[in-house]
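Notes follow the structure.
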Amino acid sequence: MTECSREQDVVAAVASRRWPDRCEADLRAHVASCDVCRDVAEVAVAFGADQDAAWQRVHVPSAAHVWWRLQMRARQDAERAALRPIAVVQGVAAMGAAGLAIAAIVFGWAARSWSLPTLSALSDLAADVPPLASTALNAVLAVAVSTPQTTVLVGVIAAGLVLMPVAVYLALSE
């Protein structure tokens, strides 16, 4: 026999915690005489004991602890969101400063090998560009025409401008 009509009664008695002490005497007598119901009762009791053991191992943190962790996470998320634009601006500023430093050094070293007619041709070219760019190009050409000491000075200033934000970042970072 693989099924019994009283299996559900046995499962219900075990699930409601009535098995074996608080259930009917005829159900206990039936389980004692029926192999299928005896196996069902043993398995159901084992599953119930396993479920009870699993519930005992669960540790639920206190509401204060959960609240504190949520507050900390919210602060960290807000901090990350606030620092994102600042990091982008710092990166753009560092790249711009590095580009200016490289340009000043290249123009400074190139000025030593250029002749004066080449520099005057660059000045004529500067007349065709917009006024702001022309002023910047004339400033670069003035540095390029100057002495090598000025070129080194401009390179040192540019390197300082590049390294200053990095030094501030390292000093203020945790």
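The values are calculated or read from the model by the stated rules, or taken from the named source; none is laboratory data. In this text the structure is predicted, and so the values were computed from the model without any measurement. Neighbour counts are summed over all protein chains in view; Cβ atoms, including those assigned to glycine, are modelled from backbone coordinates with ideal geometry. Remember, those area values only see protein heavy atoms, side chains included, never the ligands or the DNA or RNA. Shrake-Rupley method; radii C 1.70, N 1.55, O 1.52, S 1.80 Å.
With each label modelled as a point 7 angstrom along the Cα→C-beta vector, the V36-I102 pair spans 8.4 nm. Each label point was placed 7 Å from the Cα along the Cα-to-Cβ direction; for I86 and W55 their separation is 5.1 nm.
Electrostatic bookkeeping for V43 treats Lys and Arg as +1 and Asp and Glu as -1; over the other residues with beta carbon under 12 Å from its beta carbon, the sum is -3.
Residues in region 1-103 average 78 Å² of solvent-accessible surface per residue, probe 1.4 Å, ligands and nucleic acids excluded.
Summing +1 for each Lys or Arg and -1 for each Asp or Glu among the other residues whose beta-carbon sits under 11 angstrom from that of T2 gives -4. With a cut-off of 13 Å between beta carbons, the residues surrounding E24 carry a summed charge of +1, where Lys and Arg count +1 and Asp and Glu -1. So, R0 is 45 Å and r is the distance between the beta-carbons of D21 and R69; what FRET efficiency does that work out to, to 0.05? So, using R0 = 45 Å, E works out to roughly 0.55.
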